[in-house]
Amino acid sequence: MADELHQRYQRAADAYRAHEAGCPVCCDDRHCPVGAPLHGTFARLQDAWLTRLRGQRR
Ligand SMILES: [Zn+2]
C-alpha cells in the first residue's frame, strides 16, 4: 500500500542522513544551519509516522 506520509518520512530521513554523512558538524544533538531544518523535517515526520503506527495498533 502506497503511503504518502511514510514516503515523505523516508525521503526526509534519506536527505538528513545524506547530509549528516558528509557534514563535519551534524550529529545527534548538534546541527549546522543546513542540517537543522533537514533534521527538523525528519523529526517532525518521524513523530507523525510513529503516532500513526501507534494509532493503528489500538
Ligand atoms: Zn550539517
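Every read-out reported here was derived from the displayed coordinates using simple, explicitly stated rules and does not represent laboratory data. Because the structure is a prediction, the values reported are computed rather than measured. Quick reminder, even Gly has a Cβ in these numbers, built from the backbone with ideal geometry, and neighbours come from all protein chains shown.
With no solvent and one equal point scatterer per Cα, compute the Debye intensity ratio I(q)/I(0) for region 4-57 at 0.15, 0.22 Å⁻¹ and report its log10, rounded to two decimals. Calculated log10 I(q)/I(0) at the listed q: -0.42, -0.76. Each Lys or Arg adds one and each Asp or Glu subtracts one; over the other residues with Cβ under 10 Å from the Cβ of Leu45, this totals +2.
Between the helical axis of 4-22 and the longest alpha-carbon principal axis of the chain there is an angle of about 20 degrees. Axis angle, to the nearest 10 degrees, between helix 35-57 and the longest C-alpha principal axis of the chain: 20 degrees.
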